[in-house]
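Just below is one structure, and these are the notes that go with it.
The values are calculated or read from the model by the stated rules, or taken from the named source; none is laboratory data. All figures in this text were calculated on a predicted structure; none of them were measured in a lab. For neighbour counting, all protein chains shown are included, and Cβ atoms are generated from backbone atoms with ideal geometry for every residue, glycine included. Accessible surface areas use protein heavy atoms only, side chains included; no ligands, DNA or RNA. Shrake-Rupley method; radii C 1.70, N 1.55, O 1.52, S 1.80 Å.
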Amino acid sequence: MGKRKRGTHLGQVVDDEDGAVSREPDRIVVSQIRNKHRRSAEYAKLKQEKKLVKQKRLKARDAAEKRAVELGEAPPLRKVPRTIENTRELDETLAHPDDDELYADDAADEFSGHFNLEHTPKLLITSSSWCSIITIKFIAELLRVIPNCHYYKRGSYELKQIVRYAKNREFTSIIVIHDNRKEPNGMLLISLPDGPTAHFRLSSLVLSKQIKGHGKPTKHLPELILNNFTTRLGHRIGRMLASLFPQDPNFRGRRAVTFHNQRDFIFFRHHRYIFETKDIKDVMSKITTEKCSIKDRDSVKVKKPSKQAVISHLQVG
């Protein structure tokens, strides 16, 4: 087995047994190129080569699958990519739907009165002592999304004084928006009267006016969708977020508020869907061109010659 000796050039391998010298094609290490323009050019060239190799591999895979289908054989199995979701260890605190202990805890926790329809959610929203314009716009978005929500200017009041004020006026929750460098970066959620309190770090904030073709929200009570809150802690956080919204949504308003938990991040979306009836050709074109389109396969009519389908467009608002 040949070993590289000191003093040999890159690509030159010296065999220790007989002293024979064999050369291999030199490989350029992009990170060792000192010239910036040449380094960028070599990196782009290397990236293009990898892209071509990947395209050839995908074409060969598709051709093998097509050939197997034509011969009536089972196509070769595709490799499953390694992701954080399928490689993470199973959480021992996973909440099961048939867990009697979980139902007992839900019946005695701080949010049981809300889910038993004993009171209506009433929120107080405020900010830090000084807040930027973007934070004010974000609070205005929350006032449009969450029903029965009221904004109070913080001023010089301490948080304890605000909690005492909210308790006396029968508020059920307090939301405090913190900002840093003129951007909102944190949200404090306090459940009244006896807690709990949760702090969320805000990131990747996009207001509705920054979305092209956004819809306009109505005064109807929204539908609430909680997704992937499967652990015991996630179940409690989901109930805390659900306590902000009434439990009797107005489906006629077609509003949907979604909290999606993934990799310890909670993604928030506010949509308004619209049902329309169009020809199947138009439906397929909209599905391929618009990312915010959903096709209901069960609603396709195959008995009539004029085939139609019902789709629902999601308008972010």
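Key figures
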item	result
Area accessible to solvent at residue 199, 1.4 Å probe radius, in Å²	120 Å²
Distance-filtered residues of the stretch 206-245 - backbone nitrogen under 20 Å, label point 7 angstrom along residue 198 Cα→Cβ	206, 222-245
Label-point separation in nm, residue 252 to residue 65, each point 7 Å along Cα→Cβ	4.7 nm
The stretch 40-86, Rg to Rh (Cα coordinates; Rh as Kirkwood inverse mean 1/r)	1.18
Accessible area (Å², 1.4 Å probe, nearest 10) - residue 203	70 Å²
Separation between Cα centres of the stretch 75-132 and the stretch 179-222, rounded to whole Å	17 Å
Computed label-point distance, nm, for sites residue 153 and residue 130 using a 7 Å Cα→Cβ extension	1.6 nm
Solvent exposure ordering (accessible area, 1.4 Å, most first) of 224, 123	224, 123
Greater than 19 Å apart at Cα, pairs in 122/153; 160/182; 137/182; 182/216	160/182; 182/216
Among beta bridges that DSSP assigns inside the stretch 67-194, antiparallel share in %, nearest 5	50 percent
DSSP beta bridge pairing in the stretch 201-284, given as percent antiparallel to the nearest 5	60 percent
Three-way shape call for the stretch 125-187 based on the alpha-carbon gyration tensor, with the a/c threshold at 1.5	oblate
In the stretch 169-278, GluC sites (Glu not before Pro) in a DSSP loop with at most 11 other beta-carbon atoms within 10 Å	170
Within the stretch 170-190: backbone nitrogen closer than 13 Å to the residue 207 label point (7 Å, Cα to C-beta)	183-184
Overall form of the stretch 38-176 per C-alpha gyration tensor (a/c, 1.5; a/b vs b/c)	oblate
Under the Debye formula (equal points on every Cα, no solvent term), log10 I(q)/I(0) of the stretch 65-141 at q = 0.20, 0.21, 0.26 Å⁻¹	-0.97, -0.98, -1.16
For residue 241, solvent-accessible area (1.4 Å; no DNA, RNA or ligand), Å²	10 Å²
Gain upon complete extension [residue 168, residue 80; 0.36 nm per residue less C-alpha separation]	26.0 nm
Shape of the stretch 141-269, Cα gyration tensor, a/c cut at 1.5	rounded
197, 83, reordered so the largest accessible area comes first (probe 1.4 Å)	197, 83
Label-point gap, in nm, between residue 228 and residue 160 - each point 7 angstrom along Cα→Cβ	4.1 nm
